[in-house]
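The values are calculated or read from the model by the stated rules, or taken from the named source; none is laboratory data. All values reported here derive from a predicted model rather than from experimental measurement. Methodologically, a virtual Cβ is constructed for each residue, glycine included, from the backbone with ideal geometry; neighbour enumeration extends over all protein chains shown. For accessibility, only protein heavy atoms count, side chains too; no ligands or nucleic acids. Shrake-Rupley method; radii C 1.70, N 1.55, O 1.52, S 1.80 Å.
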Amino acid sequence: MRVLVVEDEDVLADAVAEWLRRESFAVDVAYDGDAGQERISIYSYDVVVLDRDLPGMSGNQLCRSIASCCPQTRVLMLTAAAAVRERVAGLALGADDYLTKPFAMVELAARVHALARRSAAWQPTTLARSGVTLDPARHEVFRDGHYVALSRKEFAVLAELLRANGAVVSAEDLLERAWDAHIDPFSNVVRVTMMKLRRKLGQPQLIETVPGVGYRIP
């Protein structure tokens with residue numbers, strides 16, 4: 001699942017991004033409204049964590065733009081204003097949720113998880129196929145009842161394969177969904193991650209390679 005953090009306080013933006021990456025999200029960061037708008041015009045995001053008070057394009061303007069061009073994208077608006085009327089005004093702009101500063105990172109992550117589930121077509125809370133069960137909230141994976149310890153990227157790749165429900169997922173789609181914008185599109189990172197994931201999931205091999213197309217869990 002891909003998240004964009006738009007926040008002009010550099011330290012806070014980077015801290016939020018790092019926390020969400022620990023939750024296996026692919027996270028991009030923009031430090032002003034104009035940069036946020038540029039990111040949204042290029043990439044598809046499940047959730048945007050958006051500061052309301054931004055230099056350049058304001059958070060209000062960017063929220064309206066997202067609601068207009070990307071109705072599937074959920075917006076979590078951040079603000080220092082705690083008044084009820086301010087929260088109501090933010091929701092009226094098209095935000096899906098509202099969080100006042102200062103906030104606990106664990107609460108922000110829980111809200112992002114909830115919005116991410118709403119951004120896509122409905123999926124069960126726990127993903128399961130071919131003996132593998134993945135729980136995004138608990139960050140746990142089991143195969144045939146046995147716990148499998150995965151890295152954040154391995155977990156994210158497996159989640160995308162399970163969400164595909166048997167369909168083939170291309171390497172390009174995995175790069176789009178499980179990594180952020182800084183990844184080299186010509187990198188072999190998908191192949192290497194897939195190799196490690198297969199080894200950890202054990203025998204018999206679960207993930208099929210469809211030559212020239214991508215990967216799937218039948």
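Residue-wise test of (1) touching a residue at least 40 places away in the same chain (Cβ under 8 Å); (2) in contact with a helix residue (DSSP H, G or I) (Cβ under 7 Å, 6 or more places away or on another chain).
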| position | (1), (2) |
| --- | --- |
| Ala137 | no, yes |
| Val141 | no, yes |
| Val157 | yes, yes |
| Glu176 | yes, no |
| Val192 | no, no |
| Arg198 | no, no |
| Gln203 | no, no |
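Identify all residues within segment 1-37 that are open to solvent by 10 Å² or more (accessible area, probe 1.4 Å), over 18 Å from Phe103 (Cβ atoms) and among the small types (Gly, Ala, Ser); write none if there are none. Scanning segment 1-37 gives Ser24, Ala35. One residue stands out in segment 47-83 among those that are of a type in the set (D, E, K, R) and touching a helix residue (DSSP H, G or I) at 6+ places or on another chain (Cβ under 9 Å): the one that is least open to solvent (accessible area, probe 1.4 Å), namely Asp51.
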